[in-house]
Amino acid sequence: MDCVFCKIVKGEIGCAKVFEDNDVLAFLDVNPVSKGHCLVIPKIHFENIFNVEESILQKVIVAAKNISEKIKVSLQADGINLIQANGKVAGQEIMHFHLHIIPRHEGDGLKLHGDHPKIPKPSFEELKSLAKELI
Ligand code: ZN
């Protein structure tokens with residue numbers, strides 16, 4: 001399998017590691033959008049949220065919390081974005097589940113969502129109706 005994150009897990013490609021345990025690896029993104037931008041991945045290959053094992057997902061999110069706390073202190077971040085994409089249409093580029101940790105600073109000007117078309121504001125009734133369809 002030609003997966004860059006699996007190669008990082010195996011040590012075939014180097015990374016700037018910030019956390020590792022038996023199930024989870026976290027490292028700095030080579031194309032950071034802000035200083036300290038890192039990625040948290042399960043060591044086992046799962047493509048995305050639709051097939052990642054729940055027990056592993058729990059470990060990933062707990063690691064993300066701990067790393068975020070460290071980043072907040074060490075980089076004096078004012079906030080943190082956690083971002084996770086599933087599928088090409090959603091902006092997923094590496095098809096190995098990963099969670100972005102993006103440190104934010106007051107006035108950093110970072111626009112993570114870019115310009116996007118807005119859908120009409122739904123009524124409360126429409127929201128309630130959609131919520132029923134989703135559960
Ligand atoms: Zn992989």
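Looking at the stretch 96-135, the trypsin sites (Lys or Arg not before Pro) that sit in a DSSP loop and have at most 15 other Cβ atoms within 10 Å of their own Cβ are K111, K118. Could you work out the local net charge near P103, counting Lys and Arg as +1, Asp and Glu as -1, over the other residues with Cβ closer than 15 Å to its Cβ? Result for the neighbourhood of P103: 0.
For L28, the shell of other residues with beta-carbons less than 15 Å away shows a net charge of +1, using +1 for Lys and Arg and -1 for Asp and Glu.
For the chain, averaging the sequence separation of C-alpha pairs within contact (under 8 Å, six or more residues apart) and dividing by the residue count gives a relative contact order of 23 percent. For the stretch 1-42 and the stretch 58-93, what is the separation of their C-alpha centers, rounded to whole Å? For the stretch 1-42 versus the stretch 58-93, the Cα centre distance is 13 Å. Peptide packing for 50-61, 11-22 was compared via the average number of neighbouring C-beta atoms within 10 Å per residue; ordered from the highest value, the list is 50-61, 11-22. Pairwise Cα distances in the chain exceed 25 Å for 36 percent of all pairs. Ignoring any ligand, DNA or RNA, what whole percent of the accessible area of the chain comes from carbon and sulfur when the probe is 1.4 angstrom? Ligands and nucleic acids excluded, carbon and sulfur give 57 percent. Rolling a 1.4 Å probe across the protein heavy atoms gives the stretch 4-135 an accessible surface of 69 Å² per residue. Helix 124-134 and the long axis of the chain differ in direction by around 50°, with both axes built from C-alpha atoms. Computed over Cα pairs, the Kirkwood radius of the stretch 52-98 leads via Stokes-Einstein (0.692 mPa s, 37 °C) to a diffusion coefficient of 268 µm² per second.
Axis of helix 54-74 versus longest Cα principal axis of the chain: the two differ by about 80°, to the nearest ten degrees.
Cys residues of the chain that find no other Cys beta carbon under 4.7 Å: C15, C38.
The values are calculated or read from the model by the stated rules, or taken from the named source; none is laboratory data. Note that the coordinates shown come from a computational prediction; the quantities given were computed from them, not determined experimentally. Because the Cβ atoms are built from the backbone with ideal geometry, glycine has one as well, and the counts that use them run over all protein chains shown. Each accessible area value is taken on the protein alone, full model and side chains, heavy atoms only, with ligands, DNA and RNA left out. Shrake-Rupley method; radii C 1.70, N 1.55, O 1.52, S 1.80 Å.
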